[in-house]
Every structure is written in C-alpha cells, then in structure tokens.
Amino acid sequence: MAQQPLLTFTDRGICCPEGGFYIDPWRPVGRALITHGHSDHARPGHGAYLATDAAAPVIRHRLGPIRLETIGFGETRQIGGVTVSFHPAGHVPGSAQIRIERGGEVWVVSGDYKTEPDGLSEPFEPVLCHTFISECTFGLPVFRWAPQPEVMARINRWWAANAAEGRMSILGAYALGKAQRLMAGLDPGIGPLLTHGAVEETTAILRAQGYPLPATTRVTAGIDAKSHPGALVIAPPGAEATPWANRFGGYASAFVSGWMQIRGIRRRRGASTGFVLSDHADWPGLNTAIRETGATRVYVTHGYTQIFRRWLADQGYDAGIVATEYEGEGIEAPADPLVEAAAE
Amino acid sequence: MKRFARLFAALDATTRTSEKTAALAAYFREAPEEDRLWTIALLSGRRPKRAVTATELAQWAADAAGLPYWLFEETYPVVGDLAETIALILPPPVQTETRSLSDHLTTLLRLTGHPADERRAAIVSAWAGMEQDERFLFNKLITGGFRMGVSQGLMTRALAQATGLPETELAHRLMGDWTPARTSYAALILSNEGTGSGAQPYPFALASPLEADAPTLGPPADWFAEWKWDGIRGQLVRRRGAFALWSRGEDLITDRFPEFAPLADFLPEGTVIDGEVLAWGAGNPLPFAALQTRIGRKNVPRKVLAEAPARLLAYDLLEADGNDLRAAPFAQRRSRLEAIVAALPPDIPLGLSPEVPFTDWSALAETRLGAREAVAEGLMLKRRTSPYFTGRKRGDWWKWKLDPFTVDAVMLYAQAGHGRRASLFTDFTFAVRDGDHLVPFAKAYSGLTDDEFAEITRWVRQNTLERFGPVRRVTPELVFELAFEGIQASSRHKSGIALRFPRMLRWRRDKPVAEIDTLDGLKALLASVSDRGQPSNTGA
Ligand SMILES: [Zn+2]
Ligand SMILES: [Zn+2]
C-alpha cells in the first residue's frame with residue numbers, strides 16, 4: 001500500500017495524519033500547530049496548541065485560557081511518526097514556518113512570511129525541503145516593496161509636515177506586527193507616539209518579552225491634540241473613521257499596507273494617503289524564498305493562488321493550490337460595476 | 001517629467017480646490033514654458049494623438065519586465081488600470097534621466113505612424129530612464145483617459161494667479177483649435193496670437209436647470225423668456241477677415257454647415273453671435289433627429305442639404321464692432337442683436353430666437369407645456385440685467401425643461417448585444433460626475449439606430465481600456481442623453497440611486513465629458529420626486 005502524503009488538505013485545514021495534528025486549522029481540532037498569532041491563523045476551540053515561545057504570549061492574550069505548549073526556534077520534537085521544528089518566518093515577532101520530516105522527506109509550511117528583515121521580527125530563514133507550502137498574498141508582479149528605510153523616511157516626512165502644520169497624524173496599521181514595526185522604525189524626534197488601546201495591549205506584551213520597542217502612550221480620556229501636539233497615533237485600520245478619533249480635531253490619516261501599492265484600492269478605501277509597507281513577501285521575495293527552499297513541489301495558499309500556481313508551473317515546479325476557507329487580507333475584482341465590490 | 005509628476009502628486013494628495021489651485025499656479029510660475037503649454041493643453045482635453053496602442057504597450061512592458069503576456073493579462077484586472085500596471089511591473093530604472101514633459105510628448109507626436117520596432121525602442125528607452133510615478137503619467141499620456149482631477153475652470157484660475165491676467169480673458173485665449181505643436185506659451189497666453197486665425201470663440205455661458213418654483217425668481221418683468229431649442233449650440237465668429245462656427249465642445253464646424261457661408265459677407269466685421277443650429281423645414285424647426293443626419297459628416301451631400309437645411313437661431317450678441325460686449329446687460333445685447341439680424345437679407349438662414357412674452361409666471365408655465373408643439377425642450381429664462389458670464393453660474397440663466405427626467409452621462413462600460421445585435425456593442429453602462437470621479441449609475445441598451453451602434457462598436461474596439469469577461473471598460477468619452485421614467489434610492493448601487501426604464505435618447509456628440517450631469521444633480525432630482533417616482537414640481 002502506498003504511503004499517504006505527509007500533509008493532506010482537508011476542510012479543517014492542513015493536516016498531518018501521521019502526526020495527528022493540523023497546522024493553523026480553521027475549525028476545532030484536537031491538536032493544532034500555530035504559525036503566529038494573527039486571527040486567521042490562531043483560532044479558538046482546539047484541544048491543544050503548539051507555538052513558538054516568542055509567539056505564545058500574544059496567542060494566550062488573544063485566545064484566553066488554552067492548553068498551549070511552546071517550542072524554541074530550531075528545536076525538534078517528535079509528534080507521532082514525524083519530527084517537527086519551527087523556523088523564523090520574518091512576518092511578525094514570533095512568527096514561524098513549520099518543518100515536518102518523516103524518513104528523510106521534508107515538507108515546510110511557510111505560514112505568512114516576508115524576506116526583508118524588519119528589525120523586530122526574527123528574520124526569515126530559508127529551510128530546505130522537498131515540498132513547500134507557500135503563502136502568496138501578494139503573488140503578482142505589481143507588488144514590489146521599496147526598502148524599509150525608504151518607506152520609514154516617507155512616513156517621517158509626512159508626520160513632520162503634519163506636525164509643522166499643527167495637525168495630529170493617525171496611522172492605520174494592524175495591531176500585531178505592523179504597529180510595532182512602525183513605532184520601532186519611525187523617528188521619535190518628530191513628536192510623541194500615541195497608541196490606540198488595541199495596539200497598546202499587543203505592544204505591552206511584546207515589550208515585556210524583550211522586543212526593543214520605544215515608549216508609547218495609550219490614548220485615554222484627556223489625551224488629545226492639545227495635550228500631545230504633533231503626535232503620531234498608531235491605531236487599527238479604520239479607527240480613524242470612528243468617533244474615537246474626534247478628539248484629535250483636524251488630523252491627517254494614512255493607511256499602511258501592501259495594498260496601498262495600488263491606486264484604485266487606495267481610492268476605494270478612501271485613504272488619500274497610503275504607505276506601502278507589508279509584512280508579506282513581495283513578488284521578488286516570494287520567488288527568491290521558493291527558489292532557496294530547493295523544493296521541487298510547491299503548493300500555494302492565501303492570495304492569487306491560481307495565477308501564482310500557473311506562474312510556478314511555467315517555471316518548472318510541480319505546483320498546486322491549497323484551498324482555504326477563509327482568506328486573510330484580500331480584495332475582489334468588481335463583477336458588476338454598478339454594485340460595490342465586497343471590501344477588504 | 002519629474003516636475004510634472006510632482007505636480008500630479010500634489011494634485012492627487014488633496015481634495016481641496018484652493019490647494020489644487022495653488023499647486024498648479026506654482027507649476028505655471030516655475031515650469032519651463034513648453035511644459036506649461038503642454039500642461040494647459042492636457043488639462044483642456046488636447047491630448048496628443050495615440051502613437052501606440054494599448055496592446056502594444058502591454059506587450060512591450062511584459063517583455064521588458066521578462067514576464068509572460070498571460071501573466072500581464074491576469075494582473076491588469078487586479079490593478080484596474082493599464083498605465084499603472086505597466087508602471088508597477090517594469091524593473092527599476094537603470095539610470096534616471098531628466099527629460100521634460102514637452103520633450104516626451106513631442107517625441108510621442110513624432111513617433112505616430114512609424115514602424116512598430118522604432119516606436120517600441122523609443123518607448124522602452126523612455127521607461128528605462130523614469131521612476132515609477134513618471135512612468136505612470138507617461139503611460140497615461142499614451143493610453144488616454146488621463147484625469148488629473150482638475151477642471152478647465154480651476155486650471156484657468158491657477159493660470160490667472162500665475163500670470164496676473166484676468167480669468168475671463170484667459171478663458172477666451174484658451175478657446176479654439178490651437179495645439180501645442182502650432183503655438184507657444186508666449187503667443188497663446190501672453191500675447192494671444194495663439195490660433196493665428198483670430199477667430200477663437202468666447203467661453204459659452206451655460207444655464208442651470210430650474211429646480212425651484214418659477215415664482216421664486218421674482219418679478220416677471222426682470223426676466224426674458226425664450227424657447228430652449230433642441231439643436232446644436234454654436235458660436236458664429238466673424239472677425240479680422242475670418243469666419244468660423246464653433247460648437248460648444250470647441251469643435252470647428254464651419255464646413256459642416258455650408259448654408260452659413262454667405263453670412264461671412266453680410267455680418268459686420270467684429271461680430272460674435274451665440275445661437276442654436278437647427279434643421280429647418282417649412283418655417284419651423286425639425287426634430288433633433290433631422291439635424292443628426294448632419295452631424296459627423298465632413299461633406300454634406302446635396303440631398304441632405306435639401307432635406308435638412310440648417311438655420312441658426314440667434315440668442316445673444318457677444319461682440320459688435322470688435323468690442324467685447326459680455327459685461328453689458330442682456331437686454332442691451334439683445335437689442336443690438338435684433339438690429340444686426342434685421343439688417344440681414346431675408347434669405348439668409350439666420351433668425352432671432354423669438355422672445356416668449358409673459359406677464360405672470362402661471363401663464364408662462366402654461367406656455368411651457370406647449371414646448372413640444374414648438375419643437376423645443378422647454379423654456380430658457382434669462383435675467384435682463386445679466387452679463388454673458390463664463391461657464392455655468394447659477395442665478396441668472398435657467399433652463400426650464402419640459403421633461404425633468406433626462407440626464408447627460410458618459411459611457412463607461414460596453415457589452416455586446418444579443419441575437420441580431422450580437423456582433424454589436426449595444427449594452428452600455430453610464431456614469432455621471434461626482435466631484436473628480438465618475439460614478440456608474442445606469443445601464444441602457446436601446447434608443448440608437450443600427451448605424452450608430454455600428455459606429456460605436458468600432459469606437460469601443462479602439463478604445464477599450466480593460467476587459468472583464470464580455471464587459472469592456474472604455475475611455476470615458478462618449479456622452480449620451482438618457483431618458484428615464486422614474487428615480488429611486490437604492491442601497492444596492494454604488495451611486496445610491498436607481499433609474500426606471502433608462503434608455504438612450506440620443507448620442508450627444510456635441511457635448512464634452514466635462515459637461516455631463518452630476519450625481520448631486522440626480523440626488524436633487526430624487527429629493528424632488530414623491531415616493532411614487534413622479535415629479536412633484538411639474539407645472540410650477
Ligand atoms: Zn499573518
Ligand atoms: Zn495570514
């Protein structure tokens with residue numbers, strides 16, 4: 001009888017039958033290996049969890065009392081008939097790729113990743129394997145990121161110009177990862193750094209873990225444009241459109257995301273200012289990462305899977321698609337021009 | 001090109017008119033004169049002829065980026081803009097160059113009609129020297145559909161700030177059929193010798209739709225009423241030996257209407273008349289359809305001339321004896337116009353648009369209901385003291401149309417028809433303006449002749465920007481008048497409104513996209529109708 005594949009794709013997520021576990025499953029399972037704390041990867045309701053030491057505090061904070069075991073980067077563990085280890089994915093602090101080995105055959109599940117070091121997350125490490133399961137959120141050739149220092153300089157200039165005009169600046173950024181990357185990378189000499197509560201909670205956890213993060217002030221009653229003139233506020237995307245932001249008067253706002261690369265998306269989001277900074281690999285990053293794994297078989301997930309699979313097949317890979325039930329950040333092409341495309 | 005890209009970024013970063021004007025005025029002060037001229041040309045809709053097709057551009061870009069063409073085709077719909085897709089996929093510049101906007105544009109002009117290899121080499125080398133934002137604009141200039149979110153009015157204001165010249169004077173100088181290739185900034189803007197012919201028209205004064213009840217306008221004696229004719233608005237210029245008929249879209253249509261040629265001999269030197277060109281038969285205007293046979297024809301066959309002879313009904317006198325009369329009150333201009341028309345020989349095809357006298361508003365409302373019999377669209381109301389203003393200015397001129405349920409809109413998407421019309425593009429999606437954006441709001445597929453559909457089909461093939469399956473997004477350029485039976489609020493539609501039974505009334509070749517109706521206008525109409533979708537203010 002032929003041995004079944006090391007990993008299979010089920011309606012609960014990526015499954016390792018021989019290890020008796022799932023990776024980032026989206027329906028409750030007995031045992032889940034979690035790449036990182038983003039909500040489309042770390043979901044509630046599993047019997048037991050395994051994640052890196054570095055990712056664990058945020059996962060605990062988000063999911064409450066769960067049975068969570070931790071593992072160090074590079075440490076190996078025998079689970080059922082397979083050996084697993086976690087390796088830095090460079091996506092957000094603590095994020096990992098997961099390596100599974102059985103009798104010399106190696107599969108790697110990338111989780112979310114980016115190849116450019118961001119100064120905060122453990123930098124991405126290529127892991128040699130036979131089969132690579134890669135995300136491709138930005139798997140189109142139009143996505144090509146400028147180096148981080150260039151983007152930070154752009155945001156600094158915007159912040160400084162707002163401050164000079166006596167306006168507050170609000171940056172919309174995901175609370176885990178992007179927010180901390182910004183506060184660590186921007187110039188604290190321009191003005192005070194304020195945080196929305198949701199951002200501050202995650203920041204406090206990462207700060208306590210020892211990630212080098214600057215001092216920030218949580219926005220509470222009494223904190224406004226008068227008390228902190230010229231401040232930069234980091235808030236979850238969309239917060240600037242809620243009454244919460246009214247206290248800042250005539251502020252300027254911007255959204256920080258890889259999607260801001262595209263004018264039409266920027267406009268549909270109503271963000272007049274958008275900065276292109278992503279925690280996912282861009283087109284050259286995806287291609288380099290895949291090449292460096294040495295894999296001959298690649299499955300793609302998250303994003304432009306159809307197109308990216310065809311591209312990889314063109315490049316000579318044995319390429320397939322992992323169907324996912326939920327997508328993380330995504331956009332849709334307009335089907336009927338009269339009807340608004342479902343946002344986000 | 002870098003300076004132009006900075007201007008674009010500044011305009012793009014703000015929605016405030018004052019900031020846009022300031023950015024543009026600074027550009028008009030600092031940029032080299034050739035670049036200023038080209039920018040004025042671009043912002044007033046004078047685009048260079050297309051030297052390269054969209055498909056060529058896409059293929060060259062995919063090759064330059066080392067990508068298979070299928071990948072380009074799959075990527076383009078995600079970005080939604082050809083120029084942007086190309087700018088984003090090209091490899092970073094080898095070495096950036098400092099070629100100016102006018103340099104790039106004159107190169108493009110020169111390339112028109114050259115073999116593909118030559119054009120390709122020029123485009124690819126231009127790309128190699130540009131940053132992403134410059135490439136985007138460069139591609140936009142090639143593919144057309146370039147919008148900077150700047151109206152001609154805003155541009156004129158900025159130019160006035162930069163030069164210190166009055167806005168109305170500048171607006172006048174910018175009219176006509178000049179091109180950057182045939183004039184200079186100094187000649188056009190500073191010394192006004194731009195057109196060479198001296199026959200450029202004045203900017204047209206436009207009426208606003210009357211939404212309030214007529215009696216709120218005040219004493220009837222303050223107002224002059226005439227029919228709102230359903231023809232082609234035109235301006236007849238007889239000046240410095242030249243004779244020209246201009247359409248509202250600033251197209252020179254002198255040769256399309258040879259009937260008017262004798263006027264060159266009979267109108268006094270230095271005369272400019274605003275009026276409506278109509279097809280005329282047996283002492284009465286013919287329906288617009290008759291005039292339609294004349295539009296779009298460069299040479300008018302004898303038969304058409306006989307069946308649909310044209311006549312100009314004069315509304316206003318803008319210049320007499322070479323003097324600009326636009327600041328004078330309407331009543332005064334009108335009486336001088338009457339004197340000029342009265343002095344013409346009887347067989348000349350130019351008459352006065354007759355006054356519709358009235359002493360009280362309810363009687364005029366009654367008269368208005370007879371507009372259809374008069375082959376008119378409704379009434380025009382002009383304040384007797386009003387100047388001939390530039391563009392649309394609410395308060396002095398009102399159009400009081402018979403049927404409030406029409407809207408001028410631009411075609412945004414086209415789709416092939418069914419059955420007999422499967423080979424033609426007949427199903428269109430239309431948009432109105434909302435600030436700087438075009439908002440799709442209605443679909444329609446009937447109301448035009450097969451010949452018109454055939455002509456539009458050819459146009460759609462040449463002006464496709466993007467495909468979504470069977471649907472093509474086209475350059476927003478063709479304007480149509482849509483008629484509809486009702487209007488209601490709809491949360492399902494982006495525009496927030498839905499129309500009942502929209503159909504194309506006619507193809508408005510005379511109307512530029514800048515003058516289509518606005519979403520606010522439709523919303524105002526929506527607010528004015530009762531819940532049954534019927535107008536509540538008909539008849540006043
Ligand atoms: Zn993630
Ligand atoms: Zn994800």
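Just so you know, all these numbers are worked out from the coordinates, no wet-lab data involved. Source: prediction; values computed, not measured. Counting neighbours? That spans all protein chains shown, and the Cβs are built from the backbone with ideal geometry, glycine included.
Mean 1/r over all different Cα pairs, inverted: what Kirkwood radius does segment B:205-401 give, in Å?
Values: mean 1/r = 0.0575 Å⁻¹.
Hydrodynamic radius (Kirkwood, Cα pairs) of segment B:205-401 is 17.4 Å.
What FRET efficiency comes out for the pair residue B:167/residue B:491, r = Cβ-Cβ distance, R0 = 25 Å, nearest 0.05? Numbers along the way, then the final one.
Details: r = 41 Å, r/R0 = 1.65.
It comes to 0.05.
Report the trypsin sites (Lys or Arg not before Pro) located in segment B:243-343 that are in a DSSP loop and have at most 14 other Cβ atoms inside 10 Å of their Cβ, or state none. The partial results should precede the final answer.
On the way: sites: B:248, B:256, B:294, B:297, B:298, B:302, B:303, B:311, B:326, B:333, B:334, B:336; in loops: B:248, B:294, B:297, B:298, B:326.
Answer by residue number: B:297, B:298.
Using the charge dipole of the protein assembly as shown (Lys, Arg: +1 at Cβ; Asp, Glu: -1 at Cβ; taken about the Cα centre), state which of B:456, A:153, B:386 has its Cα farthest towards the positive end.
B:386
Which aspartates and glutamates, on any chain, are close to residue B:494 with Cα under 13 Å apart, when same-chain ones fewer than 8 places away are left out?
Hits, sequence-local ones excluded: A:336, A:340, B:434.
Return the calculated 222 nm mean residue ellipticity for the protein assembly as shown, to the nearest 500 deg cm²/dmol, obtained by summing -39500 (n - 2.57) across DSSP H runs with n ≥ 4 and dividing by the residue count. Let's see the in-between values first.
Values: 25 runs with 254 residues, N = 884.
That comes out to -8500 deg cm²/dmol.
I'd like the antiparallel share, as a percent to the nearest 5, of DSSP beta bridges with both residues in the protein assembly as shown.
Details: 93 of 139 bridges.
For the protein assembly as shown, the DSSP antiparallel bridge percentage is about 65.
Angle between the Cα long axis of helix A:197-209 and the longest principal axis of chain A, 0 to 90 degrees, nearest 10?
Between helix and principal axis, roughly 60 degrees.
Rounded to the nearest 10 degrees, what's the angle between the helix B:101-111 long axis and the longest principal axis of chain B, both from Cα atoms, 0 to 90?
The angle comes out at about 90 degrees.
Using a Förster distance of 35 angstrom, determine the FRET efficiency expected from the C-beta separation of residue A:221 and residue B:15, and round it to 0.05.
Values: r = 32 Å, r/R0 = 0.91.
Plugging the Cβ-Cβ distance into 1/(1 + (r/R0)^6) gives 0.65.
Roughly what would the spin-label model give for residue B:451 and residue B:363, points 7 Å off Cα along C-beta, in nm?
4.4 nm
Under 13 Å from the Cα of residue B:399, which aspartates and glutamates turn up, not counting those fewer than eight places away in the same chain?
Residue B:399 reaches B:211, B:213, B:226, B:230, B:377.
Charges at C-beta only: +1 for Lys and Arg, -1 for Asp and Glu. How large is the resulting dipole of segment B:13-149 about its Cα centre, in Debye rounded to 20? Intermediate values should be presented prior to the final figure.
Numbers: 15 positive and 18 negative charges, 118 e Å.
Computed charge dipole of segment B:13-149: roughly 560 debye.
Taking Cα atoms, how many degrees apart are the long axis of helix A:305-314 and the longest axis of chain A, rounded to 10 and kept between 0 and 90?
60 degrees
Please go through segment B:1-49 and write out the GluC sites (Glu not before Pro) that DSSP classes as loop and that have at most 11 other C-beta atoms within 10 Å. Walk me through the numbers before you get to the answer.
Values: sites: B:19, B:30, B:33, B:34; in loops: none.
Loop-located and lightly packed - none at all.
Between the DSSP loop rule and a limit of at most 12 other Cβ atoms within 10 Å, which GluC sites (Glu not before Pro) in segment B:437-510 are left?
Values: sites: B:452, B:455, B:466, B:477, B:481, B:485; in loops: B:477, B:485.
For GluC sites (Glu not before Pro) across segment B:437-510 that sit outside H, G, I, E and B with at most 12 neighbouring Cβ atoms in 10 Å, the list reads B:485.
Based on Cβ point charges of +1 for Lys and Arg and -1 for Asp and Glu, what charge dipole magnitude is obtained for segment B:205-401 about its Cα centre, in debye rounded to the nearest 20?
Charge dipole, segment B:205-401, about its Cα centre: 500 debye, nearest 20.
If you average the alpha carbon positions of segment A:93-124 and of segment B:57-117, how far apart do those two centres end up, in angstrom?
36 Å
What nm value, rounded to one decimal, do you get for the distance between residue A:211 and residue A:314 when each label is placed 7 Å out toward the C-beta?
Reported label-point gap for residue A:211 and residue A:314 is 3.6 nm.
If each Cα of the protein assembly as shown is one equal point scatterer, what is log10 of I(q)/I(0) from the Debye formula at q = 0.04, 0.09 Å⁻¹?
-0.24, -1.03
Modelled label-to-label distance, residue A:26 and residue B:242, 7 Å Cα→beta-carbon offset: nm?
So the label points at residue A:26 and residue B:242 sit 6.6 nm apart.
Go through segment A:169-186 residue by residue and turn each phi into a ³J(HN,Hα) via Karplus (6.51, -1.76, 1.60, θ = phi - 60°); whole Hz please, and just put x for glycine and proline.
Taking θ as phi minus 60°, the curve returns 10, 10, 9, x, 7, 4, 5, 10, x, 4, 4, 6, 4, 5, 5, 6, x, 7 Hz for segment A:169-186.
Alpha carbon centre of segment B:17-33 versus segment A:1-77: separation in Å?
After rounding, the separation between the Cα centres reads 58 Å.
Taking the Cα of residue A:296, stepping 7 Å toward and past its beta carbon, and measuring to each backbone N in segment A:99-131: which are under 18 Å?
Of the residues in segment A:99-131, A:102-108, A:128-131 have backbone N under 18 Å from the label point off residue A:296.
Taking the Cα centre of chain B as the origin and placing charges on Cβ (Lys, Arg +1; Asp, Glu -1), which of B:327, B:257, B:414 is farthest toward the positive end of the dipole?
B:414
Run a plain Debye calculation on segment B:395-481 (Cα atoms as equal point scatterers, no solvent) and give log10 I(q)/I(0) at q = 0.15, 0.21, 0.23 Å⁻¹, rounded to two decimals, same order as the q list.
-0.59, -1.01, -1.16
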